[in-house]
1. Neighbouring Cβ atoms within 10 Å as the yardstick, rank W137, W152 fewest first.
2. For V200, what residues show an amide H to amide H distance below 5 Å, using hydrogens built from the backbone and excluding near sequence neighbours?
3. When the convex hull of the C-alpha atoms of region 68-208 is computed, what volume per residue in Å³ does it have?
4. Give me the one-decimal nm value for the distance between modelled label points at L48 and T128, 7 Å along each residue's Cα-to-Cβ direction.
5. Leaving out same-chain residues fewer than 8 places away, which lysines sit with a Cα under 19 Å from that of K106?
6. Quick one: the Cα spread of region 89-164 along its three principal axes, in angstroms, biggest first?
7. Run the numbers for N114 and D162: contour at 0.36 nm per residue of separation, minus the present Cα-Cα distance, in nm.
8. Mean separation of Cα pairs under 8 Å and 6+ residues apart, divided by the residue count of region 46-206: what relative contact order is that in percent?
Amino acid sequence: MVNSKQVIASLGVVAGLGASLMPLTTYAADPQEVTHVVRTTVAEVFTLTVDSNTEIEKDNTTSLDVDKATVNTTLVHTANVKGNLYGGYNLKLSSASASTDLVFVKDSSKAFGNADRYDTNIKIPTGTGVAAGTSAWAYKSSETAGSFTGDWTTIKASGSGDTLKTNTNASNGSFDDKVYVNFGISASESQIAGMYEGEVKYVATPQI
């Protein structure tokens, strides 16, 4: 009869030999994996500048000289919008106030915008009928320098301006756009001689 202690001892030897014959990789540690987010924020750039082809005087004033029964369309503003906004922008033009008239300057010694400077009863209204013999002022816009076609557009009151350009910019994060705005002013034979003023406003709004 085989002694049970001998059987157990023999099994122990076999088990030990088997373990010694197994490759060491069988006991290597499991791979470890760690992910870590790297994040940065690129600063936004968004600027609007407006230049004029005529000399800019104090108060950002540019002017057109108009003889009676003639039209002057030589004044051009260049609105330049630069930036890197993903959603792009919307550019609008309007009057700087609720008034859309060019009003008569009765006392030029008063500061620009001062009510005592003007006689609001004498004015050149905005209108699409810019033509010799008519008192009116309006604008045309283009994205091509020196190329203005189509009809004149009236100046809208502040808060309800016209869109000059929309750049959705969904696929390109940078832009450097120019829009050219041509102003036309005409005066009738009966228009009182003197200086007339108005103020326009350009607003570039980021799009979400």
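Readers should treat all values here as calculations from the given coordinates under stated rules, not as data from a laboratory. All of these numbers come straight from a predicted model, not from anything done at the bench. Note that each Cβ is placed from the backbone with ideal geometry, even for glycine, and that neighbours are counted across all protein chains shown.
1. W152, W137
2. Here A96 satisfy the definition.
3. Numbers: hull volume 16.5 nm³, N = 141.
Expressed per residue, the convex hull around the Cα atoms of region 68-208 is 117 Å³.
4. 2.5
5. K58, K68, K123
6. 39, 36, 21
7. Full-extension gain reported as 14.6 nm.
8. Working: 392 pairs, mean separation 60.3, N = 161.
Relative contact order for region 46-206 comes out at 37 percent.
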